[in-house]
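Peer 1: Structure provided below as structure tokens; questions to follow.
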Amino acid sequence: MRIPWTTLLAGIGVLAGSTLSSPAAATQPLAIRDVLHRVDALDPQLRLKAAEQMQSEVALRRARWDRVRGAIGVQGGHAIGVSGLAPAGGESEAVRTADRFTGSAYADFRVPVFAGGAIAGAIDAAAARLEASRQDKELVRQELKRAALTAYAAVAAAQRQVEVARRGRDRAQALLELSTTRRDSGIGSPADVARSKLFLLRREEDLAARESDRDVAMAGLRASLLFPPGEAIEAIESLESVAHVRGQGPGNYPELRAMQAQAGAAKADVTVARAGYLPTVELFANGQYGNGWMGASPAGLGAVPMAYPGDPRIGTFQGAASTGVMLSWRAFDMYATRDRTEYAELAAEGARARLADAERNVRGARDQAAARESQAERRVRLLAGGEETAAEAVKLARIRYETGNTILTEVLDAEIEGIGIEGRKVQAALDLAIAHIDRLRAEGYGL
């Protein structure tokens, strides 16, 4: 059976239409928990802080390993030695050369017995800096969540403002139809129709502005949550839900804990610096086996293979080892230890001052945040009663206008006042949600 070409074209058109209207362009609903989870999972700032925390963990591991220092390895090389060029005892020696490969294996270990607290202080400082990096990461996480939740509240408010503006536009359209009907029936005047048209134009302009504000708020939320530009999203929870978000663990201030850890690290740095005044005692053990040895270069640039002509130690395999205890103390170092100690003490004093200032700021911010939330709650309750009053005033004014007992101006004034109260109520709800988020932060609640 042959299929007509018209049927094939119709089928292709249907297929193309279904492809273009794929569900990929559907709006993605976002709840509050979705916002908080997405911040935890995707934000690059958290990955950066995680990398910094791992660096601090490596530094702590290195500080602990410094309690035992050592190395095992092999070394070797090819050296050419020349001797006899300079006079010795007034007579020139015969020139002798040596050209050979030397290599050896070595092991060297040091175990500090007493270091004046330098090693323990370095471990304490590294552990404190690790704790500071953890708290810094938690602080960034909470700040990102609060910023995302604030952006979510802004989107919810913008969506509600669009609804308010759309209802105002619809009422303006109904008022225009009413004034037109009254004019056509000879009861109203053309002036009422003109004023109704102007009122409708203003409401359409307000709706366009509110839709633009919503798009801007959506763009901000997409950016904070790392959505692709232009992806359709929708806040499905209300401003009241944001204003009732419950935090976790009151009294948890990551910024204070980070500063406390930094102050502890600065105090440990003072211990490390003061250890420079004291002697050190350490056990040592080392050994080497090979057909030569490595010696220090004249400029101190590192060990190099040695090749002295005529030296019987070169060319045959032999080994040597030593162990014991060593005491060292630097009596004078051009005031380097003094300056390091003074610098560390000043840094510790600065860390304590910053911590005290942060604690004072936390107490002040807690009181201010509670007052702002209480004020926002009173404003929301006040406007809720005003919205009911305005709606009743609009209803009565329309009835009076329909029955010819008042002029259009009274209806327009009531409409404008009602729309204004609805918009201010949404703004008050947004202020309450933001004040609630700020209070959670000020009282140390996590999200």
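The values are calculated or read from the model by the stated rules, or taken from the named source; none is laboratory data. Given the structure is predicted, the values throughout are model-derived calculations rather than measurements. In this analysis, Cβ positions are derived from the backbone assuming ideal geometry, glycine residues included, and neighbour counts consider all displayed protein chains.
Peer 1: Of all residues in the stretch 323-348 being among the acidic types (Asp, Glu) and surrounded by fewer than 13 Cβ atoms within 10 Å (Cβ to Cβ), which is farthest from Tyr277 (Cα to Cα)?
Peer 2: Here is the first cut: in the stretch 323-348, the residues among the acidic types (Asp, Glu) are 333, 339, 342, 345.
With surrounded by fewer than 13 Cβ atoms within 10 Å (Cβ to Cβ) added as a condition, the list becomes 333, 339.
Numbers: Asp333: 10, Asp339: 12 Å.
The selected residue is Asp339.
Peer 1: Report whether or not Glu255 is assigned to a helix (DSSP H, G or I) and within 30 Å of Asp357 (Cβ to Cβ).
Peer 2: Values: assigned to a helix (DSSP H, G or I): yes; within 30 Å of Asp357 (Cβ to Cβ): yes.
Against the criterion (assigned to a helix (DSSP H, G or I) and within 30 Å of Asp357 (Cβ to Cβ)), Glu255 qualifies.
Peer 1: Could you say whether any residue in the stretch 218-235 is assigned to a helix (DSSP H, G or I), closer than 24 Å to Glu377 by Cβ, in the same structural domain as Ala156 (by TED's automatic domain parsing) and out of contact with any Gly (no Cβ under 7 Å at 6 or more places or on another chain)?
Peer 2: Checked against the condition, which is being assigned to a helix (DSSP H, G or I), closer than 24 Å to Glu377 by Cβ, in the same structural domain as Ala156 (by TED's automatic domain parsing) and out of contact with any Gly (no Cβ under 7 Å at 6 or more places or on another chain), the stretch 218-235 yields no hits at all.
Peer 1: Starting from the stretch 234-256, take each residue that is over 24 Å from Ala223 (Cβ atoms) and list its partners that are in a loop (DSSP other than H, G, I, E, B) and of a type in the set (Ser, Thr, Tyr), counting only C-beta distances under 9 angstrom and pairs at least six apart or across chains.
Peer 2: Pairs that qualify, where the first residue is over 24 Å from Ala223 (Cβ atoms) and the partner is in a loop (DSSP other than H, G, I, E, B) and of a type in the set (Ser, Thr, Tyr), are Arg246/Tyr445; Gly247/Tyr445; Gln248/Tyr445; Gly249/Tyr445; Pro250/Tyr445; Gly251/Tyr445; Asn252/Tyr445.
Peer 1: Out of Leu201, Leu175, I need the residue that is hydrophobic (A, V, I, L, M, F, W, C), more than 25 Å from Gln427 (Cα to Cα) and either assigned to a helix (DSSP H, G or I) or within 40 Å of the chain's Cα centre (by Cα) (or both). Which one?
Peer 2: The conditions single out Leu175.
Peer 1: Mind listing whichever residues of the stretch 365-396 are within 24 Å of the chain's Cα centre (by Cα) and not hydrophobic (A, V, I, L, M, F, W, C)? Let's see the steps before the verdict.
Peer 2: Within the stretch 365-396, the subset within 24 Å of the chain's Cα centre (by Cα) is 365-366, 369.
Matches in the stretch 365-396: Arg366 only.
Peer 1: Which condition does Ile399 not pass, out of (1) in contact (Cβ under 8 Å) with a residue 12 or more places away in the chain; (2) among the β-branched types (Val, Ile, Thr); (3) more than 30 Å from Ala261 (Cα to Cα), if it passes all the others?
Peer 2: (1)
Peer 1: Among the residues of the stretch 420-447, count how many are under 27 Å from Glu255 (Cα atoms) and out of contact with any Gly (no Cβ under 8 Å at 6 or more places or on another chain).
Peer 2: The qualifying residues number 12.
Peer 1: Out of the residues in the stretch 228-244 meeting the condition of being buried (at least 18 other Cβ atoms within 10 Å of the Cβ) and closer than 24 Å to Ala365 by Cβ, tell me which one is nearest to the chain's Cα centre (by Cα).
Peer 2: Looking at residues that are buried (at least 18 other Cβ atoms within 10 Å of the Cβ) and closer than 24 Å to Ala365 by Cβ, I get Val242.
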